[in-house]
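Let me begin by presenting the structure, written as structure tokens, before commenting on it.
The values are calculated or read from the model by the stated rules, or taken from the named source; none is laboratory data. If you're wondering where the values come from, they're calculated on a predicted model, not measured in any experiment. Here the Cβ positions follow ideal geometry from the backbone for every residue, glycine too, while neighbour counts run over all protein chains shown.
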């Protein structure tokens with residue numbers, strides 16, 4: 001926490017001198033609609049076997065309808081036609097906008113910190129041999145369902161799991177998860193999709209990037225026990241990440257041998 005406060009002070013000082021190189025505050029933070037929550041539940045149920053197979057802790061409403069839909073998903077009979085009943089359940093019984101107020105306040109309090117990380121990435125990326133995808137606007141939206149965090153690499157949307165009292169999965173500081181998901185979106189097309197990296201390797205790569213690039217200010221960052229740990233020895237410094245495309249190309253070729 002001390003490192004985080006020092007970083008925020010540094011960012012405040014830098015904001016006075018960055019001039020035109022500083023990115024605008026392009027974060028939108030809002031509570032989800034019923035439709036968005038219905039979509040979170042639908043996607044989670046649709047992917048339930050994959051999520052459980054990867055060892056993720058999954059959060060869904062405790063209701064007999066949800067139990068029946070999970071069974072349908074595992075029997076490969078779940079689909080788009082099940083969305084309306086999820087929506088009706090939320091509308092009639094579960095959804096309450098006030099359940100997201102505490103989370104909203106916590107993330108808004110950290111938006112300058114997140115903006116500073118995006119600014120650092122924006123200034124560093126032109127010197128890399130790969131393209132980090134940025135968005136004109138990053139949308140931060142909350143959910144009470146699914147896993148700890150998820151991302152939409154096509155639209156720049158980060159979804160955070162929260163509770164009515166404003167607790168988050170894995171971290172007390174929601175900015176850490178948001179930064180993790182922003183990095184996911186940044187390298188999705190130019191690295192992950194280009195080299196068809198498996199899920200575990202993708203997570204390992206993102207964790208390594210965040211830990212190496214921002215570990216000094218994110219001292220509580222947790223590297224997941226996923227993927228090939230051998231990739232750690234290839235990516236030990238910030239300079240290594242400036243050559244990420246070259247390094248991953250060699251890594252993939254070696255794995256084929």
Among the candidates 90, 4, 11, 69, residue that is closer than 24 Å to residue 140 by Cα, part of a helix (DSSP H, G or I) and at pLDDT 95 or above: 90
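Okay, residues lined up against (1) closer than 22 Å to residue 173 by Cβ; (2) in a helix (DSSP H, G or I):
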| residue | (1), (2) |
| --- | --- |
| 191 | no, yes |
| 196 | no, no |
| 202 | no, yes |
| 208 | yes, yes |
| 212 | yes, yes |
| 217 | yes, no |
| 223 | yes, no |
Selected residue (only one of 99, 81 is surrounded by fewer than 15 Cβ atoms within 10 Å (Cβ to Cβ) and either in contact with a strand residue (DSSP E or B) (Cβ under 7 Å, 6 or more places away or on another chain) or in a helix (DSSP H, G or I) (or both)): 81
Given (1) on the phi < 0 side of the Ramachandran plot; (2) in contact (Cβ under 8 Å) with a residue 60 or more places away in the chain, number of the condition residue 201 does not satisfy: (2)
So residue 61, is it under 26 Å from residue 135 (Cα atoms) and assigned to a loop (DSSP other than H, G, I, E, B): no
Residues located in region 136-156, provided they are crowded, with 17+ Cβ neighbours inside 10 Å, assigned to a loop (DSSP other than H, G, I, E, B) and either at negative phi or without any contact (Cβ under 8 Å) to a residue 24 or more places away in the chain (or both): 144, 145, 147, 148, 153
Which listed residue is in a helix (DSSP H, G or I) and closer than 22 Å to residue 30 by Cβ, from 231, 247, 179: 179
Subset of region 53-65 [closer than 21 Å to residue 149 by Cβ and surrounded by 13 or more Cβ atoms within 10 Å (Cβ to Cβ)]: 54, 56, 58, 59, 60, 61
Test for residue 186: is it crowded, with 19+ Cβ neighbours inside 10 Å and over 16 Å from the mean Cα position of the chain (by Cα): no
